[in-house]
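Take a look at the structure below.
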Amino acid sequence: MSEFTVTEAILYRMGVGWFSAVGTTDSNIIYFPVNDESIDDLLKTMMVTVKNSSAALKNISFETIGTQKKLFSSDMVMDGVIEFLRGKQVILVYQRVNEVETIQGKIMGYQEGDRKTIFSILTKKGVIRPFETNKIIELEPVDLKVKEQLDEFMNSLAIESDSTSQRICRIQLSEKGNHDVKISFLTKIPAWKLSYRIYVSENSSKFDIFGVVDNNTLVDWNDALLTLSTKIPVSFKYDLSTPHIIDRPSISRETSTGYSVPIVDESRNLFNSIAERSSSPKMYPSRKKSLAVQQQYNQQESLPSELLDSDSDYGEDDYEDEIDYQSTTQIGESVEYIINNPVTIKKNESSMIPLSSESIPTSNLNYYNKSNHKSHPFLVVEIHNNLGFAIDKGPISVLSTDKTPKLLGEGMINDLGIDDKYLLSYAINRNVAIEYKVETKSNYTGVSIQDYYRYTNYTDTKYHRFTVINKSEDQTRIYLSIPKDHFKPIEKQDLEVSTTTSELRVKAVIDGNTEKAFEYQTYYTHYNTKYLKDLTINELEKLISNKTISEEEKEELKKLHQFSLEIRELQKQFTLIKSKMVRTSQRRKQIIETLDVVGSNTDEEVVRKKYIAEIQDLDTKAQEYEVY
């Protein structure tokens, strides 16, 4: 049996891959190793195709959890060899107590014990003899072809000390003979990554794309046709390898002195009572029931939550130009990099693969943003994606176009759609110094009336002032960044400005060895409101005299002003009357206190009458004040 190698692979960036592995066997048994964590994906998606033969897939066997062994771990190497050489002629060199014995014969089988494994050999004399695997010195097949097969078999199943656990799938075909077999399957893989290079020049730059791919499968990828895709197929985990034991309801046996006669109706009731118990699993009708019964049951019962997959994961970036690295296909918002040259990646290895090398339009600029650096701009390359497909986020190295390219800096490129532009910053330009200041002024711009409210309008103006010093000999083009806020640009300014979602970019040009100042203005209009009836008389008088108020509004304001004056006069009178009422009350209280001490002689009687008359007069005034 030859070792299987991957010849086709589609790697999805969301973390799965579709593989096709091919190999040749001269029997009807194929041993195919898989990572333990990938066994469920294999059982869910595996396809086995036999070419140029009438043989068909018979079954795929695997060891279940709790019983599987690492076939070629340090304790079980010989067990695997004995299993493989069963029924074949071998030469055995065996250690006896005081001597070494050489035996030739056919391996019949083996039996595992607690501490050792014993296997049997049918010798040339027709005698079956037992041997212990831990005393084997050498074991070699007689047939050279079998020896080659054993070497390939051991290489395909070898487990390194640091590898993850694995299982062996035993694929059985319906016929023996020489078969060319293709095994296709889906498995979890590390997400492939993107890395970029750009060789900057003035108007057009060479742009290279590389893909970093990891082979964590247990088979080599030899001259594999590789496709890297950003599509997001629906994929999920589903446990098919673990034995699923369904609990049955437990029914206690009734104690009886004799046999009861079975009654059909009672047995139906028994079935229903068992199925309806909330503490027991639901019992579903047999597939043999009629369609009508099944439909009726489905209408009454919903699928149990245990049948839903709660663990589903959906899956949430020096070469010559004439080399044809790949063909790239844009499919909606997805991209497929189809590698035209076959790729070889050994198991447990990673590889960086060139995907594209094209020229794209670029511009060399400076970019200043105070939040990035207070006093210096960044050197940037303005990239225009005219490749015809989207670019995913990833690291990028910026290189010179010399014969021996030099690293100018590094950056991160964001997701770019077709025809999008992007400023890629890669280094600080210390030859240019910038000072940025902002001054804000607020101006009163008028007043208006609407819905019984007075609106006092103001305009705040921000003056963005840049002082740029170019210390180099060359002319410098620069973007001066102004953070975007609720202020709006003032129209008809001399500077050229572009707008993004987060900033305003003032485009400026500075000659060499020059200092130049730039000013850009933004404004914001706001107002204060006050209910008209809450305005003071002075505020009303100012509002009436305002030139922005219409004549009709002035007439209404004058009425409100006159009414306010009348209210103020009434308030004065009310305050005066209230004061008089207080004085009247106080005077009445004094008179009553005096009457308590006045005697009954003639003079005092006269005083009494006078005070009583004054009290009556005060009561009358108090009533008048209350009425007022």
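Scanning region 188-217 for residues that are open to solvent by 30 Å² or more (accessible area, probe 1.4 Å) and outside any strand (DSSP E or B) turns up Pro190, Ala191, Ser201, Glu202, Asn203, Asn216. Of the listed requirements (1) in a loop (DSSP other than H, G, I, E, B); (2) modelled with pLDDT of 50 or more, Lys289 misses just one: (2).
To keep it simple, each residue is scored yes or no on (1) over 22 Å from Ser195 (Cα atoms); (2) surrounded by fewer than 16 Cβ atoms within 10 Å (Cβ to Cβ); (3) in contact with a helix residue (DSSP H, G or I) (Cβ under 9 Å, 6 or more places away or on another chain).
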position: Leu365; (1), (2), (3): yes, no, no
position: Leu379; (1), (2), (3): no, no, no
position: Asn385; (1), (2), (3): no, no, no
position: Ile396; (1), (2), (3): no, no, no
position: Thr401; (1), (2), (3): no, yes, no
position: Leu408; (1), (2), (3): no, no, no
position: Gly417; (1), (2), (3): no, yes, no
position: Arg430; (1), (2), (3): yes, yes, no
position: Thr440; (1), (2), (3): yes, yes, no
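Do the conditions hold for Ile91, that is, is it open to solvent by less than 50 Å² (accessible area, probe 1.4 Å), over 28 Å from Asp239 (Cα atoms), at pLDDT 90 or above and in a strand (DSSP E or B)? For Ile91, the condition - open to solvent by less than 50 Å² (accessible area, probe 1.4 Å), over 28 Å from Asp239 (Cα atoms), at pLDDT 90 or above and in a strand (DSSP E or B) - is not met. Screening Asp247, Asp151 for residues that are exposed (fewer than 13 other Cβ atoms within 10 Å of the Cβ), of a type outside the set (Gly, Ala, Ser) and not in a loop (DSSP other than H, G, I, E, B) leaves exactly one candidate, Asp151. Against the list (1) more than 24 Å from the chain's Cα centre (by Cα); (2) modelled with pLDDT of 90 or more, the condition Gly258 fails is (2).
For region 513-526, does any single residue satisfy the condition of being assigned to a helix (DSSP H, G or I) and more than 24 Å from Leu423 (Cα to Cα)? No; the residues of region 513-526 include none that is assigned to a helix (DSSP H, G or I) and more than 24 Å from Leu423 (Cα to Cα).
Among the residues examined, Lys507 qualifies as modelled with pLDDT of 80 or more and not β-branched (Val, Ile, Thr). For the condition hydroxyl-bearing (Ser, Thr, Tyr), at pLDDT 70 or above and touching a helix residue (DSSP H, G or I) at 6+ places or on another chain (Cβ under 6 Å), Ser579 does not qualify. Note on region 476-499: residues that are part of a loop (DSSP other than H, G, I, E, B), open to solvent by 40 Å² or more (accessible area, probe 1.4 Å) and in contact with a Ser or Thr (Cβ under 9 Å, 6 or more places away or on another chain) total 3.
The values are calculated or read from the model by the stated rules, or taken from the named source; none is laboratory data. This is a predicted model, so every value here is computed, not measured. Here Cβ is always computed from backbone atoms with ideal geometry, including for glycine, and neighbour counts include all displayed protein chains. Heads up: the accessible areas ignore ligands, DNA and RNA and are worked out on the full protein's heavy atoms, side chains in. Shrake-Rupley method; radii C 1.70, N 1.55, O 1.52, S 1.80 Å.
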